[in-house]
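Heads up: the structure comes next, in structure tokens.
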Amino acid sequence: MIPVNIPRLSGNEKKYLNECIETGWISSEGSFVSRFEAEFSSYIGQDYGIAVSNGSAALDVAIKALDLEKGSEVICPTFTIISPVQSIVNQGLVPVLIDSNLDTWNMEVNQIENKITSKTKAILVVHIYGLPVEMDAILQLAKTYNLKVIEDAAEMHGQTCNTQKCGAFGDISIFSFYPNKHITTGEGGMILTSDEALAERCKKLRNLCFEKERRFVHNEIGWNYRMTNMQAALGVAQLEQIDDIIERKRAIGKRYNDLLKNKINLQLPLAQTEYSQNIYWVYGLLARTEAECSRIQKELNQLKIGTRPFFWCMHEQPVFNKMGLFKSEHHPVAEKMARTGFYIPSGLGLANEEIEIVADSLIKIVSNG
Ligand SMILES: *Cc1c(COP(=O)(O)O)cnc(C)c1O
């Protein structure tokens, strides 16, 4: 079996984890947590890091911390994992969806300005699969219309947009450290910001909104979204290897591109844009039809090669439609991506021979169709 992802834990992970066990520091009070927060935030280029239990938790905290008035509109992509949109809805805010760009698979930046109203208070950017959203354009819009920028960089650890790292642009940004992300803590996430007051607010929200004056007296409701010292120990060890990790991810993507280019009639991921080189968080492809997409995945799975379908659009989610959201909306590019897109094994545990096997199998399956 060649699964879509195998994590790589080949540095100091065991050593640091043993330290947690030997010293008894296993809760969120251990010193790896603050060390991971400091090292990761400084690596990305923000002043403060707030480690939490996962990326979705980071979004809950980040969005609540901004204290936007209920009913405010937040612009975001329809093509995304549900986490950011669920956090928007849970805070009583209104998600306003944007279609995708067929080349980069990211939110179509040109469509944002038309959707801005007097109720718009933020743009939530999600960098998708390997290429970042063009942040210059987003920052310009945010400045013109006085909007907050929330950056979901859960798939972009170490990726750059022009000269800055993804996650460095947002008023508030988030990362996930799930095992398929570039660096992992098993489960885990982090919020980044350079606004001290916002950072303090996030720390409070992650820890049940305990007050400093009298413990167990609460003025507000938060969550227990704390990260353990054991998770942070993994994070510190993983961050030490991030340059190698990024290089390997790019090498996997490039190898697939070389093997598949001109050999199959599917759309391959774009290798670069003017502002970025693809980091290939996952190696995705677009089939020509929905039927071809299912056939290829089924036949790869029969050969014990793992695949995953692309995200499903937010405007077509039964849960949101039942809430009366996005009822008659259409976003044709994102709909096409959701129906024809899939990704193939591209995790850090993938061997070079496995890349060849996957590419060969894919070429055969596509040409037999
Ligand atoms: C993985 C991911 C998340 C969620 O992270 P979890 O740690 O799994 O909760 C959020 N946004 C994006 C874009 C992701 O890829």
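The values are calculated or read from the model by the stated rules, or taken from the named source; none is laboratory data. Quantities reported herein were computed from a predicted structural model and do not represent experimental measurements. Neighbour counts are summed over all protein chains in view; Cβ atoms, including those assigned to glycine, are modelled from backbone coordinates with ideal geometry.
Observations on the model:
- Subset of the stretch 77-97 that is crowded, with 23+ Cβ neighbours inside 10 Å and either hydrophobic (A, V, I, L, M, F, W, C) or in contact with a Pro (Cβ under 8 Å, 6 or more places away or on another chain) (or both) - its residue that is farthest from Tyr129 (Cα to Cα): Leu93
Residue-wise test of (1) over 15 Å from the mean Cα position of the chain (by Cα); (2) away from the ligand (no atom under 16 Å from the Cβ); (3) not β-branched (Val, Ile, Thr).
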position	(1), (2), (3)
Ala137	yes, yes, yes
Gln140	yes, yes, yes
Gly158	no, no, yes
Ile174	no, no, no
Pro179	no, no, yes
Ile183	no, no, no
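- Residue match in the stretch 97-116 (condition: in a strand (DSSP E or B) and away from the ligand (no atom under 16 Å from the Cβ)): no
- When the stretch 203-220 is limited to residues that are in contact with a Phe, Trp or Tyr (Cβ under 8 Å, 6 or more places away or on another chain) and part of a helix (DSSP H, G or I), the one that is nearest to the ligand (Cβ to nearest atom) turns out to be Arg206.
- Condition met for Val125 (farther than 17 Å from Asp67 by Cα, more than 16 Å from the ligand (Cβ to nearest atom) and out of contact with any Pro (no Cβ under 7 Å at 6 or more places or on another chain)): no
- Within the span defined as the stretch 164-174, one or more residues are in a loop (DSSP other than H, G, I, E, B) and under 29 Å from Ile6 (Cβ atoms).
- Qualifying residue in the stretch 41-53 (condition: buried (at least 24 other Cβ atoms within 10 Å of the Cβ), touching a residue at least 24 places away in the same chain (Cβ under 8 Å), under 23 Å from Gly324 (Cβ atoms) and of a type outside the set (Gly, Ala, Ser)): no
- The single condition from (1) more than 24 Å from Cys293 (Cα to Cα); (2) surrounded by fewer than 20 Cβ atoms within 10 Å (Cβ to Cβ); (3) of a type outside the set (Asp, Glu) that Leu348 fails is (2).
- Selected residue (criterion: nearest to the ligand (Cβ to nearest atom)) from residues of the stretch 64-87 that are more than 16 Å from Gly170 (Cα to Cα) and part of a helix (DSSP H, G or I): Ser83
- Residues satisfying the stated conditions in the stretch 135-163, i.e. outside any loop (DSSP other than H, G, I, E, B) and in contact with a Ser or Thr (Cβ under 8 Å, 6 or more places away or on another chain): Tyr145, Ile150, Glu151, Asp152, Thr160, Cys161
- Failed item, numbered, when Ser367 is tested on (1) farther than 18 Å from Asp99 by Cα; (2) hydroxyl-bearing (Ser, Thr, Tyr); (3) modelled with pLDDT of 95 or more: (3)
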